[in-house]
Amino acid sequence: MWTVVLGAALALAACLALLGYAGPRASSGDRPDRVDASLDPADLVLESELAGVDLAAAASEEELGRYQTALDLADAACVEDRREMAALAVHGARLVERRGGHTTALEVLRGVAVSIPADLAPLRCAQIVGSLAALMTYAE
């Protein structure tokens, strides 16, 4: 029974993500066990790499800010570190592309963040990325 309820909750959250619901804003500073990674210059490189995968041109500061926010939200929701989450997001976007859909790593990160209720965070997010990729593929 709980499996059905949790599955339905994740499906609803993924649908909300696909419809553009941004959910509550959180940052890694909201959790005392995490260091505020947004101050780390290495993250700017990570955000630029992610934007480079999604965009055909160089990313603007505003676009990089979107990736930073998405990584912050995923950082609060997932036990994986920022680099692992970035790799999972790229992998999820590529899965959707291989199946004939279209999404970006940014959309995958946002979907993961809104799929996990704050009271359950942090969770392992690799399987959630796979589920979101399946939902994003067939939602179009």
Give the Debye-formula value of log10 I(q)/I(0) at each listed q (0.22, 0.32 Å⁻¹), with one equal scatterer per alpha carbon of segment 98-140, two decimals each.
-0.72, -1.22
If you add up the charges near residue 91, with Lys and Arg at +1 and Asp and Glu at -1, over every other residue whose beta carbon is less than 14 angstrom from its beta carbon, what do you get?
-2
Neighbourhood charge, 15 Å Cβ-Cβ cut-off, centred on residue 60 and excluding it, Lys, Arg +1 and Asp, Glu -1
-4
Kirkwood-based Rg/Rh on the Cα set of segment 47-140 evaluates to 0.96
Want the number for residue 48 to residue 91: 0.36 nm per residue separation, take away the alpha-carbon distance, what's left?
13.8 nm
How large is ³J(HN,Hα) for each residue in segment 109-124, as worked out from phi by the Karplus curve 6.51 cos²θ - 1.76 cosθ + 1.60 (θ = phi - 60°), to whole Hz, x for Gly and Pro?
4, 4, x, 4, 4, 7, 7, 10, x, 4, 6, 9, 6, x, 10, 6
D (µm²/s, integer) via Stokes-Einstein for segment 57-111, Kirkwood Rh across alpha-carbon pairs, 25 °C, 0.890 mPa s: value 213 µm²/s
Under a 5 Å amide H to amide H cut-off, with H placed in plane at 1.01 Å, what residues pair with residue 123 once short-range neighbours are removed?
78, 79
Trypsin sites (Lys or Arg not before Pro) within segment 59-140: which are DSSP loop residues with at most 15 other Cβ atoms inside 10 Å?
99, 124
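Here, each number is a calculation from the coordinates, and none is a lab measurement. Fair warning: this is a prediction, and the values are worked out from it, not measured in the lab. Neighbour counts run over all protein chains shown; Cβ positions are idealised from the backbone, glycine included.
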